[in-house]
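What follows is a single structure, written as structure tokens, with notes after it.
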Amino acid sequence: MAGHIITVIGGKGGVGKSQFAANLAFAYAAENRNKVLLLDFDQKASGDQNFITGIKSKKTIKDLSEFNGSVDPRSIMQFVSAHPMGVQYVGMPDDVTASSGIDSEGLGKVLKAAPNMYPVTIIDGGSELTPLTLKALEYSTAIFLVVTPDILALNQTRRLYSELVTLLFPKDMLILIGNQVQKGHPVTPEVMGKTIGKPVFATVPKDDQTCVQALNAKKPVMVVAKNSTFAKAVVDCVRKLTQKSVLKTLARLNKPKDVQASKASSSGDGGEGAEKGNTWTALKSRIHKSLVEEMDLKKTDNDDPKAQIILREQTKKMVVELLNKEDTKSILTSRDDMNQIVKEILDEALGLGPLEDLLADKQCSEIMVIGPNKIYYEHSGKIKKSNITFTNDRQVLSVIERIVAPIGRRIDEKTPYVDARLQDGSRVHAIIPPCALDGCTITIRKFPENRLTYKDLVKFDSMTQNMADFLRIAVEAHKNIIVSGGTGSGKTTLINVLGSFIPANERVITCEDSAELDLPQDHVVRLETRPPSLEGDGEIDIRCLVKQTLRMRPDRIVVGECRGGETLDMLQAMGTGHEGSMTTVHSNNPRECIGRIETLVQYAGAGLSAKAIREMISNAVHLIIQQSRLDDGSRRVTYVTELGGMQGDVVILQDIFVYQQRGFDKSGKIQGEFQATGFIPKFIEILEKKGYNVPRGLFTNNHPPQKKPAAAASAPAGQKPAQQGNRPQGKAPQGRPDPRKKKKE
């Protein structure tokens with residue numbers, strides 16, 4: 001069966017094209033005694049067809065556009081709502097926001113399959129050439145332009161007619177319908193045809209009483225008053241089309257392809273498929289659209305590498321076949337061009353599009369996407385702009401959906417943001433319109449391909465060997481550690497390194513918003529938060545997970561990041577039998593970290609006084625490690641600080657290691673040195689009393705130089721402690737030798 005699609009549009013609102021389209025569908029069903037499909041593509045007047053037809057749609061055009069399976073007479077039934085007169089209907093969502101977010105590309109395969117299922121499909125296309133309407137016009141046999149006998153409607157219809165001709169639609173395909181025609185009116189059908197430049201094919205007389213009666217009854221005129229002048233005129237239009245085989249004749253016309261790209265190119269607005277006339281991008285867009293219609297690209301097992309390889313080979317074969325059907329002589333001038341465009345199309349269809357090459361670059365540590373045309377990345381600590389782009393905003397959204405689907409997350413108009421991760425553990429954040437004004441935005445924090453160890457951090461000059469040895473001792477001694485730092489400073493990397501120091505025979509439980517920690521031990525339990533469902537319930541936050549860990553017999557609890565009330569539960573766990581636990585906090589130095597933790601504890605709503613919170617912090621936390629990202633993009637441990645109890649209302653902080661910046665070299669790299677303050681942590685003395693042999697040389701500056709300026713290598717042992725401002729009154733904690741006296745001796 002070779003059916004036909006008729007799209008009904010109007011030059012402006014109020015010309016009655018929606019009511020005409022609905023009654024045209026019912027008239028076709030009655031005259032030919034066949035099923036007719038009626039689709040509402042009018043995004044501006046979303047939901048109007050529900051009132052005109054009186055049919056309560058099961059599902060909407062948005063649901064149909066998101067359907068991933070093959071479209072056939074059986075699968076389409078879950079979307080259509082049937083009327084006893086033989087019309088099957090799919091309506092537009094009532095919510096304007098949902099209507100505006102419909103993917104026109106997703107409807108391509110529906111429109112391609114419709115003529116094989118229905119003799120006639122009627123589409124209410126609205127009064128604007130939206131991407132949704134343009135997609136309908138691509139598959140239409142005829143385009144009905146509905147116009148009323150008034151000057152504004154004639155002027156706007158003439159503009160619309162001219163625009164369609166410019167888009168290379170054949171003039172014979174454009175059929176003019178005169179609606180609300182009155183006898184004796186100065187604007188006759190002849191005047192209408194002469195003004196627009198196309199004779200009127202059929203007229204529908206003005207019958208306000210019948211039309212209003214039908215609207216009030218929420219039924220089509222063909223049902224309420226089939227003998228009215230309005231109904232008879234619509235039936236005459238159907239008979240004229242049928243008897244003269246107009247649709248069969250129009251079906252043989254050559255129609256334009258990829259209308260959206262042509263429209264964008266002619267207007268120069270950089271729209272979908274052909275940003276600023278870019279023929280390469282336009283070709284990619286056309287092939288990708290055809291590919292979506294030919295294959296179900298989402299139906300694959302992401303966990304099965306063999307299935308992915310098979311799907312990629314099948315898709316590659318289809319892409320080559322589609323390219324061979326195109327006239328590509330002026331675009332693809334060499335075999336390299338052919339290979340490149342095939343790779344780009346495959347990356348967009350099956351992978352993460354233009355991001356694939358950046359993800360494969362080991363020197364690239366972060367990727368930032370702002371809409372389809374702006375991709376920034378961090379390379380060797382510096383942010384640069386990429387010269388590659390996405391084809392259109394839909395491709396960016398497809399990449400986001402491809403990332404979040406495997407981990408059970410979602411992103412839509414109601415929840416336009418999401419935290420996710422890639423298969424390699426890289427952190428992903430995405431936010432889409434309406435919150436993102438410039439298009440879909442993606443931020444990817446890449447994780448290194450191989451797990452970094454403390455040796456790598458020493459090699460990168462992020463810390464010294466002495467600092468690494470000390471941190472290993474602290475972790476093995478079950479000291480509670482907080483890693484402090486700003487965004488992108490390397491907190492997660494550092495806590496991964498610290499976690500690698502945990503003995504293999506201990507049970508570790510991690511709690512994260514998005515699982516990023518990658519600990520080498522075998523006995524690790526990984527917990528992850530869950531966002532609320534569509535109904536707004538079922539949310540599981542970090543605080544809930546921390547409470548659950550206390551019942552899971554943990555030796556260590558590692559929280560990815562404390563951002564709220566879970567900080568109180570974490571401190572209580574640290575101080576009540578779960579020593580050796582770790583977490584990260586956003587702050588700029590150890591003193592500020594204390595204030596930050598104090599603020600976060602208050603989010604729990606326990607009503608604790610500031611002094612009580614500080615006492616809890618001083619008793620629970622043993623070390624604060626400050627991780628910083630410096631001006632040249634390098635990341636270093638700038639402070640290793642011990643908490644030494646309370647002095648009055650102030651938490652005593654004593655720096656053990658500090659990083660002192662000396663300036664910049666000629667290439668703009670920061671010069672500086674790590675220094676031991678000479679202070680011996682209290683827990684080292686306790687370990688020595690228990691019989692452990694801890695080298696005191698860790699706390700001096702006579703370690704081998706770590707590729708630093710000569711000044712760093714010649715720093716004398718027992719140098720004066722840095723950051724004395726962290727110690728109240730400039731005094732050492734009571735009952736402990738003062739390193740400054742040791743220096744004088």
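Details
- Residues that are in a helix (DSSP H, G or I), open to solvent by 20 Å² or more (accessible area, probe 1.4 Å) and touching a Leu at 6+ places or on another chain (Cβ under 8 Å) within the stretch 162-198 comprise E163, V165, D172, T195, listed in sequence order.
- Exactly one residue out of L137, L129 is open to solvent by 10 Å² or more (accessible area, probe 1.4 Å) and either farther than 24 Å from V238 by Cα or modelled with pLDDT of 90 or more (or both), and it is L129.
- Each residue in the stretch 627-654 was checked for being open to solvent by less than 50 Å² (accessible area, probe 1.4 Å), outside any loop (DSSP other than H, G, I, E, B) and not polar (S, T, N, Q), and 11 pass.
- Annotation: of all residues in the stretch 492-517 being open to solvent by 20 Å² or more (accessible area, probe 1.4 Å) and within 24 Å of R530 (Cα to Cα), the one that is nearest to the chain's Cα centre (by Cα) is D513.
- Matching strands (runs of 3 or more DSSP E) fully within the stretch 413-454 where at least 1 residues are touching a His at 6+ places or on another chain (Cβ under 9 Å) and exposed (fewer than 15 other Cβ atoms within 10 Å of the Cβ): 417-421
- Cβ separations smaller than 8 Å between residues 6+ apart or across chains give the following pairs from the stretch 54-68 residues that are more than 30 Å from N216 (Cα to Cα) to residues that are modelled with pLDDT under 90 and not in a helix (DSSP H, G or I): S65/I102; S65/D103; S65/S104; E66/D103; N68/D296; N68/K298; N68/K299.
- Note on the stretch 145-155: residues that are open to solvent by 60 Å² or more (accessible area, probe 1.4 Å) and in contact with a Lys or Arg (Cβ under 7 Å, 6 or more places away or on another chain) amount to 1.
- Taking the conditions (1) touching a His at 6+ places or on another chain (Cβ under 7 Å); (2) modelled with pLDDT under 90; (3) not aromatic (F, W, Y) in turn, Q661 satisfies each one other than (1).
- Within the stretch 377-394, being surrounded by 15 or more Cβ atoms within 10 Å (Cβ to Cβ), outside any loop (DSSP other than H, G, I, E, B) and not acidic (D, E) holds for Y377, H379, R394.
- One residue stands out among those in the stretch 561-596 that are in a loop (DSSP other than H, G, I, E, B) and more than 24 Å from R427 (Cβ to Cβ): the one that is most open to solvent (accessible area, probe 1.4 Å), which is T576.
- Answer from R451, R472 - the residue that is within 35 Å of the chain's Cα centre (by Cα) and among the charged types (D, E, K, R): R451
The values are calculated or read from the model by the stated rules, or taken from the named source; none is laboratory data. These figures come from a predicted structure and were not determined experimentally. When we count neighbours, we look across all protein chains shown, and the Cβ atoms used for this are built from the backbone with ideal geometry, even at glycine. To get the accessible areas, we keep the full protein, side chains included, count just its heavy atoms, and leave off ligands, DNA and RNA. Shrake-Rupley method; radii C 1.70, N 1.55, O 1.52, S 1.80 Å.
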